[in-house]
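Step one of this worksheet: look at the structure below.
The values are calculated or read from the model by the stated rules, or taken from the named source; none is laboratory data. Computed from a predicted model, the values in this text were never measured in an experiment. Neighbour counts are summed over all protein chains in view; Cβ atoms, including those assigned to glycine, are modelled from backbone coordinates with ideal geometry.
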Amino acid sequence: MKVQDENRQTARCVFIIATLDTKGREAAYVRDVLAACGTTARLIDAGCLGLPSVAADVSREEFFQAAGHDPAALAAAADRGRAVSAAAEAAVAWVRREYDAGRVAGVVGLGGSAGTTIATAAMRALPIGVPKVMVSTLASGQVRHYVGDKDILLLNTVVDLSGLNRITRPVLAEAARAMAGLVQFQTTDASPCSAASVDRQLIAATMFGVTTPCVEEARRVLEDAGYEVLVFHATGGGGQAMESLIEEGLIAGVLDLTTTELADELVGGVLSAGPMRLTAAARRGVPQVVSLGATDMVNFHARESVPAKFVCRTFYQHNANVTLMRTTAAECAAIGADIGRKLAKAAGPVAVFAPTLGVSALDRAGQPFDDPAARQATCAALRASAPDLEFTALDWHINDPEFARAAAGRLIAILAAKRADFAH
């Protein structure tokens, strides 16, 4: 019996994270559906303010202890915010420990704002490729802060998760069956670090709709040279994801052609990747070629979402939900200076390529964002803030194939030189 118990403890399984004082029956139902699908699951009690309505496989005491918290003390304090924060910390500590021990096949979470905060904290602590399914009452709203830069599947509950009924049963069953499929049909290349995925060096590239021709041509050049290219959509989350993978050591080189997220961060748009954008490669010494793609624009949602202080600016309505605002020469100078300061600190080789005829599909002769003075301001400020940086201005538009080939070719040359240095 002792050997059987030890095997059960070390076997990989799906962990279901829920506050069992409020979501006990619903979480147990997910566990039962998973079992019916042939997938072993363990139910974690992440609640502490009320009594659990069902028995847990992992008690709240064991769970909270992973982060050094006492659930009884949290219950006595009766502070919901503090309890949720403690549970999120415990979720991260618990899942990291269990993953390192080889016991995590996947994670399912369910709940409202508290349950979503707790379970997605655990999911974000797991590598890409580990199945993650979150059943949330918030799934139809703004969820970027829950998903972060990880591969989390969100399922909308439609109604509140309060009891089992003709709506919640099929939704919860959907989540369970989805997780069962993800676990049972996992392939050997589910992780970006798996043996099947490391035969070619990884290049990270950034793209926006208005720089697509450039990145597509650059990707072709890089793939012809034997590299695997990961293209990140520069929508805030994309830039954050790229920075994370660089930080994790998965990326051999960076072709950062579309640095538009810096414009949103500095001016106040909705697609910022945060102040640490353009820092991971510099910090880790990863070779990078950088350009100014889409720094001519700041992103907002529908036209009425644009702050009143920008009312007199130049706009382009991309669609009903996307409003683009042209950056001014002063703002472009600030963006250029930011790029220069960050790249000047690089521990590895860096080259900047600037297209003098425009940085996006909207920034060229005859298009609404064409502004040579703003482009010049970006370049001047960049060079002033990093005078020793390799800087190449090319009399092409960013979407001209010649520009893409030049930028990709320079990165290939840098990587080849780095390999040669390493060989010697």
Item checked: Pairs with Cβ under 9 Å, 6+ apart, first in segment 85-104 and under 9 Å from residue 122 (Cβ atoms), second of a type in the set (Asp, Glu) and surrounded by fewer than 17 Cβ atoms within 10 Å (Cβ to Cβ) -> 94/62
Margin query: Checking the conditions here, which among 395, 371, 421 is among the acidic types (Asp, Glu) and buried (at least 17 other Cβ atoms within 10 Å of the Cβ)?
Written below: 371
Notebook entry, point to check: Out of (1) part of a helix (DSSP H, G or I); (2) in contact with a Leu (Cβ under 9 Å, 6 or more places away or on another chain), the odd one out for residue 368 is which?
Noted result: (1)
Checklist line | Yes/no for residue 103 being over 25 Å from residue 241 (Cβ atoms), modelled with pLDDT of 95 or more and among the basic types (Lys, Arg) | finding: yes
Notebook entry, point to check: Taking residue 46, is it surrounded by fewer than 18 Cβ atoms within 10 Å (Cβ to Cβ), under 31 Å from the mean Cα position of the chain (by Cα), closer than 30 Å to residue 185 by Cα and in contact (Cβ under 8 Å) with a residue 24 or more places away in the chain?
Noted result: no
Margin query: Going through 109, 115 one at a time, which residue ends up being part of a helix (DSSP H, G or I), of a type outside the set (Phe, Trp, Tyr), under 20 Å from residue 71 (Cα atoms) and in contact with a Lys or Arg (Cβ under 9 Å, 6 or more places away or on another chain)?
Written below: 115
Next item on the list: Identify all residues within segment 139-170 that are outside any strand (DSSP E or B), over 17 Å from the mean Cα position of the chain (by Cα), of a type outside the set (Gly, Ala, Ser) and surrounded by fewer than 19 Cβ atoms within 10 Å (Cβ to Cβ); write none if there are none.
Entry: 158, 159, 160, 164, 165, 166, 167, 169, 170
Check: If you check 155, 161, 172, which single one turns out to be over 30 Å from residue 282 (Cβ atoms), modelled with pLDDT under 95 and in contact with an Asp or Glu (Cβ under 7 Å, 6 or more places away or on another chain)?
Finding: 161
Item checked: Hits in segment 279-316 (condition: buried (at least 24 other Cβ atoms within 10 Å of the Cβ) and on the phi > 0 side of the Ramachandran plot) -> 294
Item checked: Residue list for segment 275-333, filter: among the hydrophobic types (A, V, I, L, M, F, W, C), assigned to a loop (DSSP other than H, G, I, E, B) and touching a Lys or Arg at 6+ places or on another chain (Cβ under 7 Å) -> 278
